[in-house]
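The values are calculated or read from the model by the stated rules, or taken from the named source; none is laboratory data. Everything numeric in this text was worked out from a predicted model, so none of it was measured. A quick note on method: Cβ atoms are made from the backbone with ideal geometry, for glycine too, and the neighbour counts reach across all protein chains shown. Heads up: the accessible areas ignore ligands, DNA and RNA and are worked out on the full protein's heavy atoms, side chains in. Shrake-Rupley method; radii C 1.70, N 1.55, O 1.52, S 1.80 Å.
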Amino acid sequence: AYDTHPKYSPDGKSIVFTSDRSGNDNIWTMDLETEETSQITKSTNENFQSAEWSPDGDYLVASRGRRNMKLYMYHKDGGGGFQLIKEPSGLKTIEPAFSPDGRYIYYARRNGAWNYNAQLPQYQVSVYDREDGSNSTITSRYGSAFTPTLSPDGKSLVYGSRYEENTGLVIRDLKSGD
């Protein structure tokens with residue numbers, strides 16, 4: 001099996017990861033003490049990537065789909081899950097990251113399908129508000145913005161970006177926007 005992208009649960013007792021051990025990419029969890037695994041999603045024709053725990057450890061959010069992946073939320077014990085962002089249909093949403101209070105999910109977004117000769121920017125960081133269902137794009141970098149990661153206190157966001165031929169990290173103060 002090809003197991004990728006492990007993330008610790010908030011209590012440190014489990015990990016969530018993506019694996020093709022069922023014959024297709026799906027989301028799995030593993031109890032670190034017993035090493036028992038549980039298959040959370042059971043798709044046979046879609047891909048999953050970038051699973052992340054909610055701060056309370058009860059839910060998982062992951063990108064799901066074929067071409068234009070969308071964010072879905074699942075209970076840690078499994079089930080069908082539900083789609084968080086539906087429109088626009090050509091929007092690809094990947095790499096989710098929860099705010100420490102669980103209200104916001106930051107993610108990388110891209111409009112349109114993959115293109116070999118695509119021009120920058122391709123991705124930008126957006127935020128989904130779980131209370132009212134709104135979305136807003138918070139970056140506008142020419143070199144794109146991807147893989148958002150929040151500081152433990154939720155005050156700063158780090159993400160990757162390109163400048164000419166270099167890839168680097170950008171730190172953003174979420175209160176001031178600097």
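Here are a few things to note about the model shown:
- Pairs, first of a type in the set (D, E, K, R) in region 142-161, second exposed (fewer than 14 other Cβ atoms within 10 Å of the Cβ), C-beta under 8 Å, six or more apart: LYS155/ASP173; LYS155/LYS175
- LEU32 meets all of the listed conditions (1) open to solvent by 60 Å² or more (accessible area, probe 1.4 Å); (2) over 16 Å from the mean Cα position of the chain (by Cα); (3) over 27 Å from PRO152 (Cβ atoms) but one, namely (3).
- Check on VAL16, among the β-branched types (Val, Ile, Thr), under 23 Å from PRO88 (Cβ atoms) and surrounded by 13 or more Cβ atoms within 10 Å (Cβ to Cβ): no
- Considered as a group, the residues in region 136-151 that are farther than 15 Å from THR93 by Cα, buried (at least 16 other Cβ atoms within 10 Å of the Cβ) and not small (Gly, Ala, Ser) include one that is modelled with the lowest pLDDT, and that residue is ARG141.
- Long-range neighbours under 8 Å by Cβ, at least six apart or interchain, first residue free of Cβ contacts under 8 Å to residues at least 12 places away in the same chain and of a type in the set (S, T, N, Q) within region 18-32, second open to solvent by 60 Å² or more (accessible area, probe 1.4 Å) and assigned to a loop (DSSP other than H, G, I, E, B): none
- You will find that of GLY154, GLY177, GLY133, the residue that is open to solvent by less than 50 Å² (accessible area, probe 1.4 Å) and over 27 Å from GLN83 (Cα atoms) is GLY177 and no other.
One line per residue, one yes/no per condition, for (1) in contact (Cβ under 8 Å) with a residue 12 or more places away in the chain; (2) open to solvent by 40 Å² or more (accessible area, probe 1.4 Å):
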site	(1), (2)
ALA51	yes, no
PRO55	yes, yes
ALA62	yes, no
MET69	yes, no
MET73	yes, no
LYS76	yes, yes
LEU84	yes, no
GLU87	no, yes
ALA108	yes, no
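- From the options ARG21, ARG110, ARG67, residue that is of a type in the set (Lys, Arg) and closer than 22 Å to THR149 by Cα: ARG110
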